[in-house]
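Some notes on the structure that comes next.
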Amino acid sequence: MSMDETNPWRNAEIRFDTAAEKLALDDGMQKILRKPARELTVHIPVTLDDGRLEVFTGFRVQHSIARGPAKGGIRYAPDVSLDEVRALASWMTWKCAVVGIPFGGGKGGVICDPNVMSNLELERLTRRYTAEIIDFIGPEKDVPAPDMNTNEQTMAWIMDTFSMHKRETTTAVVTGKPFHLGGSRGRPEATGRGCMTVILQALQKFGMKPEETTVVVQGFGNVGGMAAKLMSKIGIKIIAVIEVDGTVHNANGLDIPALAAHRAATGSILDFPGGENLTSEEGLFLKCDVLLPAAKENVITSQTAGKINPKILCEGANGPTTALADQILEDRNIFIIPDILANAGGVTVSYFEWVQDRQGYFWNEQLVNSRLEEIMIESFQDVVHYGESHKVNNRTAAYMLALDRVANAIRSRGIYA
Ligand code: NAD
């Protein structure tokens, strides 16, 4: 596996080029859509708890604001890079267009190791980062959300810092906030619920019964954990869960709430009384109906794509499959529900949160879930029908649909000069 294969921006470019060529997008439009509209790099001074001054580097990239304000998470990690943030920002543009919500795409990141930082240091970092990007963000401009290593608390700090500068409480500047600060019902489950909805659509398409379906989930966090919980509740068999330190497997289906309790008590999914331990690799290559990678990027590569064994691959994570793996999966006839569709439930309920904040009127959970389900089903059908009628795979179909929608918005708006 080459370094290039795992570069997320390179992967985003390859998918973009394939879709743009099939759409016969003109050169000028390709030039506009290929590059992010704006990229901001900031250097963030933070006083550490021991009195030392440290300077962190952060980014905010707005890939497109053609269809609405930029939308996308902020991640804190030691290996954040501008290329990664660019790729994630462009995926947000395509994701929002695939599900038809009125946002563009953005993403942010700060190079830091939150595991070695105190809560107070993280708060100071978040507030100063917000101050540095404050002219870039806003409910009508660019609306951040949580991503890797950021959470409800991070969003509350951003909202507060923004509001203090503007001298008015502005809840709609971020989504993924705590419920008591303008968050939405159903947001924590949204991405996992969206994955379940599209998986059920795929099962229906192939005439498969949920109660006879076996699923392997990689990543027992927000997306994978919620999806596993919701699917097991309706009788789908989760036969394995893969985590960083290994896999827990039970061919008859794992008791997911009990597994969650075991992890909460012991710190690991391993040695669970209701299953057997396997290595992470063994878990990934198990035969199953559905594989749901919901952990990180670059899991299904040119090295591993020939060894996985699902009928359906539902990409809960962003970028779990490299572009080089795409052809191998297509040759093996694996039905892919691509990330920009499969995990769009999160941004969809973020959109609901933004709408509710602006209306100052909050929906009950049932309404949130039913509207989410409606959008996910319609988007799944759109992508699959588009793929069938244009004779392309689901990933290319999703990109083509998205590119076409964003290009149309740009054509209608015209080029400001
Ligand atoms: P999370 O941090 O809550 O969970 C990730 C889980 O994956 C953790 O339990 C972690 O231990 C595990 N993990 C990490 N590396 C692993 C590895 N090599 N093998 C197996 N397990 C591993 O994160 P999350 O919010 O669930 O996000 C997961 C993915 O989904 C990311 O790619 C994220 O960008 C994407 N995503 C998340 C949302 C959302 O709403 N949370 C929305 C869209 C996309």
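Here is how the numbers come out for the structure above:
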quantity: Some residue of region 28-38 being among the aliphatic types (A, V, I, L, M), open to solvent by 40 Å² or more (accessible area, probe 1.4 Å), outside any strand (DSSP E or B) and within 30 Å of Phe380 (Cβ to Cβ); calculated: yes
quantity: Of the criteria (1) in a helix (DSSP H, G or I); (2) over 17 Å from Pro320 (Cβ atoms); (3) among the acidic types (Asp, Glu), which one Asp289 fails; calculated: (1)
quantity: Of all residues making up region 178-191, the number that are crowded, with 20+ Cβ neighbours inside 10 Å and more than 19 Å from the chain's Cα centre (by Cα); calculated: 1
quantity: Residue list for region 135-148, filter: among the acidic types (Asp, Glu) and under 21 Å from the mean Cα position of the chain (by Cα); calculated: Asp142, Asp147
quantity: The one condition in (1) open to solvent by 70 Å² or more (accessible area, probe 1.4 Å); (2) at pLDDT below 95; (3) not charged (D, E, K, R) that Ala24 fails to fulfil; calculated: (2)
quantity: Residues of region 331-360 satisfying the condition of being on the phi > 0 side of the Ramachandran plot and assigned by TED's automatic domain parsing to the domain that holds Gly316; calculated: Asn333
quantity: Residue count, region 86-104 (criterion: under 18 Å from Gly316 (Cα atoms) and either touching a Phe, Trp or Tyr at 6+ places or on another chain (Cβ under 7 Å) or in a strand (DSSP E or B) (or both)); calculated: 3
quantity: Options Leu254, Leu230: the member that is more than 9 Å from the ligand (Cβ to nearest atom), closer than 16 Å to Pro188 by Cβ, modelled with pLDDT of 95 or more and in contact with a Gly (Cβ under 8 Å, 6 or more places away or on another chain); calculated: Leu230
quantity: Residue list for region 231-262, filter: surrounded by fewer than 18 Cβ atoms within 10 Å (Cβ to Cβ) and not in a loop (DSSP other than H, G, I, E, B); calculated: Lys233, Pro257, Ala258, Ala260, Ala261
quantity: For Thr175: the one exception among (1) surrounded by 23 or more Cβ atoms within 10 Å (Cβ to Cβ); (2) part of a helix (DSSP H, G or I); calculated: (2)
quantity: Spans of helices (runs of 4 or more DSSP H) in region 312-383 with at least 3 residues of a type in the set (S, T, N, Q); calculated: 345-359
quantity: Residue tally, condition more than 16 Å from the ligand (Cβ to nearest atom) and either among the aromatic types (Phe, Trp, Tyr) or in contact with a helix residue (DSSP H, G or I) (Cβ under 8 Å, 6 or more places away or on another chain) (or both), over region 163-196; calculated: 9
quantity: Output for region 117-134, where each listed residue is open to solvent by 20 Å² or more (accessible area, probe 1.4 Å) and under 23 Å from the mean Cα position of the chain (by Cα); calculated: Leu122
quantity: Some residue of region 49-60 being in contact (Cβ under 8 Å) with a residue 24 or more places away in the chain, buried (at least 24 other Cβ atoms within 10 Å of the Cβ) and under 16 Å from the mean Cα position of the chain (by Cα); calculated: no
quantity: Residue that is nearest to Val383 (Cα to Cα) [pool: residues in region 1-21 that are β-branched (Val, Ile, Thr) and open to solvent by 40 Å² or more (accessible area, probe 1.4 Å)]; calculated: Thr18
quantity: Count of region 84-116 residues which are more than 15 Å from the chain's Cα centre (by Cα) and of a type in the set (Asp, Glu); calculated: 1
quantity: Matching residues in region 153-172 - criterion: being under 20 Å from the mean Cα position of the chain (by Cα) and open to solvent by 20 Å² or more (accessible area, probe 1.4 Å); calculated: Gln153
quantity: Checking Ala66 against (1) in a strand (DSSP E or B); (2) surrounded by 18 or more Cβ atoms within 10 Å (Cβ to Cβ), the condition it does not meet; calculated: (1)
quantity: Looking only at region 279-326, and only at residues there that are within 12 Å of the ligand (Cβ to nearest atom), open to solvent by 30 Å² or more (accessible area, probe 1.4 Å) and more than 19 Å from the chain's Cα centre (by Cα), the one that is nearest to Leu230 (Cα to Cα); calculated: Ser280
quantity: Odd one out for Pro45, checked against (1) touching a residue at least 40 places away in the same chain (Cβ under 8 Å); (2) under 30 Å from Gln381 (Cα atoms); calculated: (2)
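The values are calculated or read from the model by the stated rules, or taken from the named source; none is laboratory data. All values reported here derive from a predicted model rather than from experimental measurement. Heads up, the Cβs are rebuilt from the backbone with ideal geometry, glycines too, and the neighbour counts pull from every protein chain shown. Heads up: the accessible areas ignore ligands, DNA and RNA and are worked out on the full protein's heavy atoms, side chains in. Shrake-Rupley method; radii C 1.70, N 1.55, O 1.52, S 1.80 Å.
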